[in-house]
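Inspection log for the structure reproduced underneath, given as structure tokens.
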Amino acid sequence: MRPDQGVCRDQRRLSLVKITLVAACALVDGDGRVLVAQRPEGKALAGLWEFPGGKVEAGERPEETLIRELQEELGITVKEACLAPLTFASHAYESFHLLMPLWICRRWEGVVQRKEHQALQWLRPARLRDVPMPPADEPLIPALIDLIGP
């Protein structure tokens, strides 16, 4: 056996991990606060606070996902031109690997409403560390602090 054969076998095994693409959005209000939503009972990671968004469906661009999800979850209309990519998270959960780009949005139409989540709250970026979040969301906080301030 060549020395590099074991490495190739390990890499092939890693490539069999299911990758899930989820688009997330940091909605920022006029006071520089970011919206987080509490995951509902009955879903994985229930009770944790997350950035709104959802799974990218087959044939759908992430921006389209956000526009759809923000309408469904929060009752607001977001135009694609108002979404700006900010950063992303890459996190290995036990049964899949999550790739989650985060967009920032400061303009939308309508009033934010709780439709699918247990609760919503607007927090200054530094206060995001005070609420329990899924492991994939936590690394996104420093980029928001850098952009908006604490």
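The values are calculated or read from the model by the stated rules, or taken from the named source; none is laboratory data. No experiment lies behind these values; they were computed from the predicted model shown. Glycine also receives a Cβ, built like all others from the backbone with ideal geometry; neighbour counts cover every protein chain displayed. With ligands, DNA and RNA removed, areas are computed over all heavy atoms of the protein, side chains included. Shrake-Rupley method; radii C 1.70, N 1.55, O 1.52, S 1.80 Å.
Evaluating PRO150 against the criteria (1) in a helix (DSSP H, G or I); (2) more than 19 Å from PRO40 (Cα to Cα); (3) not hydrophobic (A, V, I, L, M, F, W, C) leaves one unmet condition, (1).
Yes or no, residue by residue, for (1) under 14 Å from LEU48 (Cβ atoms); (2) out of contact with any helix residue (DSSP H, G or I) (no Cβ under 6 Å at 6 or more places or on another chain); (3) part of a helix (DSSP H, G or I):
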{"residue": "ARG114", "(1), (2), (3)": "no, yes, no"}
{"residue": "GLN118", "(1), (2), (3)": "yes, yes, no"}
{"residue": "ARG127", "(1), (2), (3)": "no, yes, yes"}
{"residue": "LEU144", "(1), (2), (3)": "no, no, yes"}
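The lone criterion from (1) touching a residue at least 40 places away in the same chain (Cβ under 8 Å); (2) assigned to a helix (DSSP H, G or I) left unmet by ILE67 is number (1).
Conditions (1) open to solvent by less than 50 Å² (accessible area, probe 1.4 Å); (2) under 18 Å from ALA136 (Cα atoms), marked per residue:
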{"residue": "CYS25", "(1), (2)": "yes, yes"}
{"residue": "GLN38", "(1), (2)": "yes, yes"}
{"residue": "GLY53", "(1), (2)": "yes, yes"}
{"residue": "GLU57", "(1), (2)": "no, no"}
{"residue": "GLU64", "(1), (2)": "no, no"}
{"residue": "GLU72", "(1), (2)": "no, no"}
{"residue": "CYS82", "(1), (2)": "yes, no"}
{"residue": "MET100", "(1), (2)": "yes, yes"}
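A single member of ALA58, ALA37 is under 24 Å from ARG129 (Cα atoms), out of contact with any helix residue (DSSP H, G or I) (no Cβ under 6 Å at 6 or more places or on another chain) and among the small types (Gly, Ala, Ser), and it is ALA37.
Taking the criterion of being at pLDDT 90 or above and open to solvent by less than 90 Å² (accessible area, probe 1.4 Å), the residues of the range 1-23 that qualify are THR20, LEU21, VAL22, ALA23. Does THR87 qualify as being of a type outside the set (D, E, K, R), at pLDDT 95 or above and open to solvent by 50 Å² or more (accessible area, probe 1.4 Å)? So THR87 does not fit the description; no. Taking HIS117, is it more than 19 Å from LEU21 (Cα to Cα) and not acidic (Asp, Glu)? So HIS117 passes the test. The residue that is surrounded by the fewest Cβ atoms within 10 Å (Cβ to Cβ), counting only those in the range 27-36 that are over 27 Å from PHE96 (Cα atoms) and in contact with a strand residue (DSSP E or B) (Cβ under 7 Å, 6 or more places away or on another chain), is ASP29. In the range 135-146, the residues that are under 13 Å from ILE104 (Cβ atoms) form Cβ pairs under 7 Å with partners that are open to solvent by 30 Å² or more (accessible area, probe 1.4 Å) and hydroxyl-bearing (Ser, Thr, Tyr), at six or more places apart or across chains, as follows: LEU140/THR87; ALA143/THR87.
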